[in-house]
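Notes to accompany the following structure.
The values are calculated or read from the model by the stated rules, or taken from the named source; none is laboratory data. What you are looking at is a predicted structure, and each value in this text was computed from that prediction instead of being measured. Cβ sites come from the backbone with ideal geometry, for glycine too, and all protein chains shown count toward neighbours. Accessible surface areas use protein heavy atoms only, side chains included; no ligands, DNA or RNA. Shrake-Rupley method; radii C 1.70, N 1.55, O 1.52, S 1.80 Å.
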Amino acid sequence: MENDIAAQAFDLFVQGGQSNSDGTGFGDVERPYEPTEKVLYMLPGGGIEVAKERPWDGMTAGDLSLSFAEKYIADGLLAEGRKILILRGAVGGTGFLDGRWRPGDDLHANLMRMIKEALALNIENRPVVFLWHQGETDAGLKASYETHAKHLETLVGDVREACFTPSLPFICADFVQEWKAVEGTTFPLVERAMRNVCKADPFAKFVETDGLASNNQQYGGGDTIHFSRAALQQLGVRYFEAYKKIIR
């Protein structure tokens, strides 16, 4: 990787939410992600490095943004001479109601800072998408439909304003289906809020998660709330297909 990051032009992927966005999916995959100097991470605590799946207690944790980036490149959307910089703002176990993602909260402020820093690196840097997965925490805290919709709309607006891109595509997705079956009644209002926020926004899409396995379904252990590593790969591809529908 070149030492002078400021000399490089980046397409910026803003990534936020909680653990399924941060990447807490494990298990085997047919084709592990292969790191490339075309795809970099901006880390939440500072610093930039080549993007890669992370080691975690002897396992490897997936990341939906990596398969999204692979499809973005394969589809010819990354112009010659440019690279991808993924702004890694997601943190597991966080929501709006626990005081993490509202204006003035720490993760909201950190994401705004990362966007500002990424744009300041090079005048040619341009935001292209906001990837989000969150809602489990707020569902557990019994968020109302109106409250979750308002918070999500505010966040999307704040990210677009920080990016100076009113039409920045926003993509989020449903929860793990096995977790929904286990939880029963805690998630529907939050899910409906996410669906309707996306439906009302011409530059947003809601991604379905049918057929995507949990960690529990892939290798056991009882973890129903997180997509498996293989499922995160597939979810990133679904996010990209949704992205294409927004921009074309």
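Figures for the structure shown
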item: Accessible solvent surface per residue of the chain, calculated while the other protein chains remain in place, 1.4 angstrom probe, Å²; result: 43 Å²
item: Share antiparallel - DSSP beta bridges, the chain, percent rounded to 5; result: 25 percent
item: Cα-projected label distance for residue 196 with residue 154, points at 7 Å along beta-carbon direction, nm; result: 1.8 nm
item: Förster radius 25 Å - calculated FRET efficiency between residue 28 and residue 181 (Cβ-Cβ, nearest 0.05); result: 0.55
item: For region 132-190, size of Cβ-based charge dipole, Lys and Arg +1, Asp and Glu -1, in debye; result: 60 debye
item: Length-normalised contact order for the chain - Cα pairs under 8 Å, 6+ apart - percent; result: 26 percent
item: Protein accessible area in the chain, 1.4 Å probe - carbon and sulfur %; result: 52 percent
item: Computed P(r) (all Cα pairs; region 121-201; 5 Å bins; percent); result: 3, 15, 24, 21, 15, 10, 7, 4, 2, 1
item: The chain, helix-only ellipticity at 222 nm - DSSP H runs n ≥ 4, -39,500 (n - 2.57), divided by all residues, nearest 500; result: -12000 deg cm²/dmol
item: Measure of compaction for region 86-147 (Cα Rg per 2.2 N^0.38 Å); result: 1.30
item: By average C-beta atoms within 10 angstrom, highest first, the peptides 181-193, 203-215; result: 203-215, 181-193
item: Three semi-axes of the equivalent ellipsoid, region 153-238, Cα gyration tensor, whole Å, largest first; result: 28, 15, 10
item: Long-range HN-HN contacts of residue 60 with modeled amide H, under 5 Å; result: 27
item: Zone of residue 36's modelled label, taken as backbone nitrogen in region 58-96 under 15 Å from a point 7 Å along Cα→Cβ; result: 65-86
